[in-house]
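Every read-out reported here was derived from the displayed coordinates using simple, explicitly stated rules and does not represent laboratory data. Quantities reported herein were computed from a predicted structural model and do not represent experimental measurements. Quick reminder, even Gly has a Cβ in these numbers, built from the backbone with ideal geometry, and neighbours come from all protein chains shown.
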Amino acid sequence: MQVVIAESTTQVGLLAARKVAQVIRRRADAVIGLATGSSPLAIYAELARQVAEGELDCSTLRAFALDEYVGLPPGHPESYRQVIQREVVEPLRLTPGLVHVPDGSAADVAAACTAYEQKLAQTGPVDIQILGIGSNGHIGFNEPTSSFASRTRIKTLAPKTRADNARFFSSLDEVPIHCLTQGLATILDARELVLVAQGAKKAEAVAKMVEGPVTSMCPGSALQFHPNATVIIDADAASRLTLTEYYRYSYDNLPDWQRFD
Ligand code: F6R
């Protein structure tokens, strides 16, 4: 795992966007894994800038969302389908038919999960998966004690996650209790992972993910199994790590072919 402690919070998004843009420039029909929530917004904003200025073309990209709430009415502005439409598809000028989100309003959610895995298997592997991390260590919506062998399925959101995400809704009661999420094994199938985290609220989860034991109590620790995972964080999110000097030294001495800054 490569840990990059960015010079500023703004730099987190810029560096991660450069990594994603490198993949898109190598392959115009790359498969991109999309996270929602606040953490990746700066990545999407920077990619959108590159698209607007003619530096990047995302029109032939294929994309898969990590997760979706269950039970929100179709078209709800906080459903991840809508969030991705607003934050990613429109600003990056993706082709809507090439963007997939688990169907959280399906009558048969188990069948919807199987169909999602099948679509991923036909289209994938994902070339680069963008990730955030929950304050309880979740990635996607794989809450603590999720199986490392898990695939897309229904999960119950942890009370902590519902409380953290209540800021997007008018009250805690409106936050769905269930979600569909790619499993940890699904996420680990991606060729490359880039996880971003900002702020002191993420410091404990980041420390457990990077330096703690691999344990389902911190689903993010699954990244330790991935051969090509990059964690890009600001100083506050890095504040509970012990090997910060080594991470900085290692990044400063990256061989040219590995650089993305
Ligand atoms: C969202 C997702 C979640 C978020 C995590 C952090 O698609 O997969 O794992 O990345 O909950 O959320 P923010 O970025 O809002 O702090």
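Here are the numbers for this structure:
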{"quantity": "Length-normalised contact order for the stretch 120-240 - Cα pairs under 8 Å, 6+ apart - percent", "calculated": "33 percent"}
{"quantity": "Helical contribution to [θ] at 222 nm, DSSP H n ≥ 4, -39,500 (n - 2.57), averaged over the chain, rounded to 500", "calculated": "-9000 deg cm²/dmol"}
{"quantity": "Check: the stretch 27-184 dipole with +1 on Lys, Arg Cβ and -1 on Asp, Glu Cβ, in debye", "calculated": "260 debye"}
{"quantity": "Value of relative contact order over the chain, rounded to a whole percent, pairs C-alpha under 8 Å and six or more apart", "calculated": "25 percent"}
{"quantity": "Sequence ranges 108-116, 228-236, ranked by mean other-Cβ count within 10 angstrom, highest first", "calculated": "228-236, 108-116"}
{"quantity": "Distance in nm between pseudo-label sites at residue 95 and residue 178 (7 Å out along the Cβ direction from Cα)", "calculated": "3.4 nm"}
{"quantity": "Relative pair counts by distance (%), Cα atoms of the stretch 141-186, 5 Å bins", "calculated": "5, 24, 28, 20, 14, 7, 2, 0"}
{"quantity": "Of the GluC sites (Glu not before Pro) in the stretch 1-67, those whose Cβ has at most 16 other Cβ within 10 Å and which sit in DSSP loop", "calculated": "7, 53, 55"}
{"quantity": "Peptide ranges 241-251, 187-197, 132-142 listed from the most packed, as the mean C-beta count within 10 angstrom indicates", "calculated": "132-142, 187-197, 241-251"}
{"quantity": "At R0 = 35 Å, FRET efficiency that the Cβ-Cβ distance of residue 245 and residue 156 yields, to 0.05", "calculated": "0.30"}
{"quantity": "Cβ-derived FRET efficiency at R0 30 Å, residue 148 paired with residue 200, nearest 0.05", "calculated": "0.60"}
{"quantity": "Nearby lysines by direct alpha-carbon distance to residue 208 (threshold 25 angstrom, same-chain neighbours under 8 apart not counted)", "calculated": "19, 155, 160"}
{"quantity": "Gyration tensor (alpha-carbon) shape descriptor, the stretch 2-233, a/c threshold 1.5", "calculated": "rounded"}
